[in-house]
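Below: the structure, in structure tokens.
What follows draws every value from the coordinates through simple rules; no lab data is involved. Computed from a predicted structure; not experimentally measured. Here the Cβ is made from the backbone with ideal geometry for all residues, glycine too, and neighbour counts use every protein chain on show.
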Amino acid sequence: MSTYVLIPGAGGDAWYWHLVAPLLEDAGHRALPVGLPASDPDAGLDAYVAAALDAVGAVDAANGDVVVVGQSLGGFTAPMVAERLGASLLVFVAAMIPQPGETAGDWWSTSGFHDVWGDQQMDTMEHFLHDLPPAVLQDVLERGEPDQTGRVMADPFPLAALPSIPTRGIAATNDRFFPVGFMDRLIRDRLGVEPEHVAAGHLPALANPTGLVELLLA
């Protein structure tokens, strides 16, 4: 049995994982979706890590491996949580993969994202919600757009290197925000591993939870 610590992206909503968690539990694992203080204008990376650790509580590592999964902006929090928990595996899912000293605000240019994005105008439906099943899309729209304050974008990633543990990078094949070609390059360059793919847009835990869980368990 493994414990999956599931860290969401912008908005910090643990609900993002509500379709993934039961599938992991049905497979005999523990699933711990994390809520982050994204709406708190004073919350930086330290506060995000603290919130994740509080949500996890006392993980009994002897009773199974700890796997930390970070999606999108959660890629800046996940490595720090993995290090603190002594995780056995770190997984980036359509994620911002940080370098030492890099801020999430700088990542958009230092990663090469701006070169790929060009002068597009961000559109929630076009870039994030386009492939959600109708019932899930309705739930998302009824919940409303989550708040994401900018404080966390200013903190430099504090680790001297990513944790020295097995690490996987998953790109979403129909991602209109982080296109698969961009993510494949980022995963190879920053993780030194071959990218894996899930058939989904930028929100695979909502668009294709079964496919994502199958990949996580592979």
* **Compactness of segment 37-112, expressed as Rg and Dmax over alpha-carbon positions, Å** => 13.1, 41
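In percent, what relative contact order does segment 1-143 have, based on Cα pairs under 8 Å that are 6 or more apart in sequence? Mind dumping the intermediate values first?
Numbers: 206 pairs, mean separation 29.6, N = 143.
After rounding, I find 21 percent.
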* To do: For a quick protection proxy, order the peptides 199-206, 148-155 by their average other-Cβ count within 10 Å, most packed first.
  => 199-206, 148-155
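Quick check on segment 130-201: what are the equivalent-ellipsoid semi-axes from the Cα gyration tensor, as sqrt(5λ), descending, whole Å?
Details: eigenvalues 150, 82, 22 Å².
After diagonalising the Cα gyration tensor, the semi-axes are 27, 20, 10 Å.
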* Cubic angstrom per residue, convex hull over Cα atoms of the chain -> 111 Å³
* In terms of modelled amide H atoms, which long-range or inter-chain residues lie less than 5 Å from the amide H of residue 177? -> 202
* Asked: What is the sum of charges around residue 215, taking Lys and Arg as +1, Asp and Glu as -1, for the other residues whose C-beta is under 14 Å from the C-beta of residue 215?
  -> -2
* Based on other C-beta atoms within 10 Å, arrange 3, 110 from fewest to most. => 110, 3
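Please work out how much length the chain gains when fully extended from residue 217 to residue 25, using 0.36 nm per residue of separation minus the C-alpha to C-alpha distance, in nm with one decimal. Intermediate results must be reported in sequence, preceding the final value.
Values: separation 192, 0.36 × 192 = 69.12 nm, distance 1.15 nm.
In short, 68.0 nm is gained.
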* Asked: Using θ = phi - 60° and the Karplus form 6.51 cos²θ - 1.76 cosθ + 1.60, what ³J(HN,Hα) does each residue of segment 90-99 get, whole Hz, x for Gly and Pro?
  -> 10, 10, 9, 10, 6, 10, 6, 8, x, 10
* Structure fact -> In whole angstrom, the spacing between the Cα centers of segment 153-205 and segment 90-133 equals 10 Å
* To do: Would you calculate the separation in nanometres between label points at residue 161 and residue 139, each defined as 7 Å from the Cα along the Cα-to-beta-carbon direction?
  => 4.1 nm
